[in-house]
1. Considering Ser177, Ser152, which residue is at pLDDT below 95, over 19 Å from Val80 (Cβ atoms) and among the polar types (S, T, N, Q)?
2. Among residues belonging to region 57-68 that are open to solvent by 50 Å² or more (accessible area, probe 1.4 Å) and either part of a helix (DSSP H, G or I) or in contact (Cβ under 8 Å) with a residue 40 or more places away in the chain (or both), point out the one that is nearest to Ala82 (Cα to Cα).
3. Going through Arg227, Arg145, Arg215, Arg170 one at a time, which residue ends up being basic (Lys, Arg) and modelled with pLDDT of 90 or more?
4. Kindly provide the set of residues from region 157-210 that are among the basic types (Lys, Arg) and under 20 Å from Ser109 (Cα atoms), ordered by number.
5. How about region 195-219: which of its residues are farther than 22 Å from Arg170 by Cα and basic (Lys, Arg)?
6. Does region 168-184 include one or more residues that are buried (at least 21 other Cβ atoms within 10 Å of the Cβ), under 30 Å from Ser230 (Cβ atoms) and aliphatic (A, V, I, L, M)?
7. Would you mind telling me which numbered condition in (1) charged (D, E, K, R); (2) surrounded by 16 or more Cβ atoms within 10 Å (Cβ to Cβ); (3) assigned to a loop (DSSP other than H, G, I, E, B) Lys159 fails?
8. Applying the selection to region 185-202, what residues are over 15 Å from Asp67 (Cα atoms), free of Cβ contacts under 8 Å to residues at least 60 places away in the same chain and crowded, with 16+ Cβ neighbours inside 10 Å?
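The values are calculated or read from the model by the stated rules, or taken from the named source; none is laboratory data. Worth saying up front: this structure is predicted, and the values here are computed from it rather than measured. Cβ placement follows ideal geometry from the backbone for every residue including glycine, while neighbour counts extend to all protein chains displayed. Ligands, DNA and RNA are excluded from the accessible area calculation, which covers all protein heavy atoms including side chains. Shrake-Rupley method; radii C 1.70, N 1.55, O 1.52, S 1.80 Å.
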Amino acid sequence: MDRIIRLCSILILMNLVVVSMGGGIDYAPPIHNKLESKNLCDQCSTCDHKTKTCPASEAYPHMTAFDDTLIAGALQSDYVNASDRGVYSVPSVVGGQSLEYNAYFGWESTSGSASGFHRFSNYMDKCSGGQNFLTVDKHGEVKLRSLTSLESLAFADWKSINPPKHLNHRQFRFWVSRATGKCLTVFGGKTKKRALGVADCKFDGGNTGQLFAFRFHYHYSFCCCGRYNS
């Protein structure tokens, strides 16, 4: 009996050592003790009076490109200022991993079930007046614009097209403009901040810069000055 008790004690001790070393546990990336949103607060210092806590992040996912960079409009990343109307591919920064950069809440999608087209508004654009959508103009410039400023609402409408089988994974989609018939596309080579525009669709997957997915895995994303999800 003593021998069995000693054996059990050894096994328990070994388990404790493994746990203390992180065995079998998936640890989150290092999070700084005090998360700050200096860039956000400098540009949008007060929260909406309704923003006591951040909304469910599932309602405002981040859009990512095929290379896992983040697709960001105004204040969805510290790489894009509140006054910037452009939409960019920027480094994917998880909030709390850096003292210099943070990620903010993403895109809200609304769709007309009859038309099959979607419209995307930027949650963080509330700091710039709000009611702006992901749009393209007749020159192919992709920017955040209000619906009232458009020649036609078709410039704010985007349709999802599935990629070919060998690329049909991780929820990637083409997004085709109703107004231009062209695909949302990342331009700009290998720079950290690359502009989005539209180009002729390569539905065979010949241009992976036209493939985008929505992700829900960004933790510690700020929804307003000093408030973030966890």
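1. Ser152
2. Here the residue is Ala59.
3. When all the criteria are applied, what remains is Arg145.
4. Passing the criteria: Lys159, Arg170, Arg173, Arg178, Lys182.
5. none
6. no
7. Unmet condition: (3).
8. Answer for region 185-202, where residues must be over 15 Å from Asp67 (Cα atoms), free of Cβ contacts under 8 Å to residues at least 60 places away in the same chain and crowded, with 16+ Cβ neighbours inside 10 Å: Ala199, Cys201, Lys202.
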